[in-house]
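Report on the structure given below.
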Amino acid sequence: MTMREAVAAYVHDGDTVSLEGFTHLIPTAAGHEIIRQGRRGLTVIRMTADIVVDQMLAAGCVSKLVSSFVGNSSAGSLGELRRRVESAQPEPLEFEEYSHYGMICRYLAGAQRLPFYPLRSYGGSDLPEVNPSLRKVTSPYPGPDGETEQIYVVPPVNPDVTIVHAQRADRSGNTQIWGLTGVQAEAVYAARKAVVVVEEIVEDEVVRSDPNRTVIPAHAVNAVVACPRGAHPSFAQGYYDRDNAFYRSWSGISRDKERLTAWLAEWVYGTRDHAEYVGKLGEEFWEGLAVGEAMSLPVNYGRRL
């Protein structure tokens, strides 16, 4: 599908939408298309809520955020999110906070259709004081000391749709990722529907020649979208580098509501699609984010003689 078709088909007002990608392969272009199509009342799940979430908040798409980190990826703050949380401007944001591992466990429970997932890492934390979904159950097995043990659990998450970005897929949706893999696979399996956005669609033979890179198989994918450079300003390992200058500039842009509104008007609403956004930046800009080769050595999978 095109990005426009995929968002129209799988993202609806009031949906719970997971947007995953850790440090690289962030589905920014998908977030922009959700903004263009004017979705409202979304619950957005993103472990590392960053610039794309700030933009979707400013566009009025999001009513609830579920996350384990908020910030501008070591380059500053998120102005719109801070306004919502600190002063409820222009309206309050419902925010549900977990640890990173807590969110991973929620995806695992969702993917495995479990009622909850146990973990020890909330012991001594104050997160349970602000999140009533962090609860304790009695383990049916003795603890390390042989005594009855109370252990924290988190609820499953089953998004209406998960959208992830990846390097490549075949036309069926067999999706390959290398570099930081994050929780894309778990988030896809947990969801009712899944859209995979890729830098390129390749022939089946390319995927079959290196099957261990297939992190998400076709049977878990409802739509595959070719969208080159769709993770900008984050990076796609082997395709383009991180746009650090944009990350540094975002704090100033988002701190000023008028500048943020003007940025959305020019770069999201003012572009028909991500291809136009890419073209607006210009080839000289993209040359500055070009990466050199760092080839992986061939692997002999062997075959029957």
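The values are calculated or read from the model by the stated rules, or taken from the named source; none is laboratory data. Here the structure is a predicted model, which is why all the values come from computation and not from measurement. Cβ: placed from backbone, ideal geometry, glycine included. Neighbour counts: every protein chain shown. Side chains included, ligands, DNA and RNA excluded: accessible areas come from the protein's heavy atoms. Shrake-Rupley method; radii C 1.70, N 1.55, O 1.52, S 1.80 Å.
Tabulated data for the structure shown
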quantity: The chain - accessible surface per residue (Å², probe 1.4 Å); calculated: 48 Å²
quantity: Which of SER172, PRO159, ASN212, positive extreme of dipole for region 106-223 (C-beta unit charges); calculated: PRO159
quantity: Region 43-92-region 269-301 distance, computed between alpha-carbon centres (Å); calculated: 26 Å
quantity: Helix-only CD estimate at 222 nm, as mean residue ellipticity for the chain, using -39500 (n - 2.57) per DSSP H run (n ≥ 4); calculated: -9000 deg cm²/dmol
quantity: Among GLU80, GLU293, GLU94, residue whose mean-square fluctuation peaks in a GNM of the chain (springs only between Cα atoms under 10 Å); calculated: GLU293
quantity: Fraction of beta bridges assigned by DSSP in the chain that are antiparallel (%, nearest 5); calculated: 30 percent
quantity: In region 179-285, GluC sites (Glu not before Pro) in a DSSP loop with at most 13 other beta-carbon atoms within 10 Å; calculated: GLU203
quantity: Set of aspartates and glutamates near LYS64 by C-alpha distance (under 13 Å), chain-local residues within fewer than 8 positions excluded; calculated: ASP13, ASP15, ASP54, GLU91, GLU94, GLU96, GLU97
quantity: Listed residues VAL44, ASN72, PRO92: farthest to the positive end of the dipole of region 43-162 (Cβ charges); calculated: VAL44
quantity: Sulfur and carbon atoms: percent of accessible area, the chain [1.4 Å]; calculated: 50 percent
quantity: Those trypsin sites (Lys or Arg not before Pro) in region 7-43 that DSSP places in a loop and that have at most 15 other beta carbons within 10 Å; calculated: ARG40
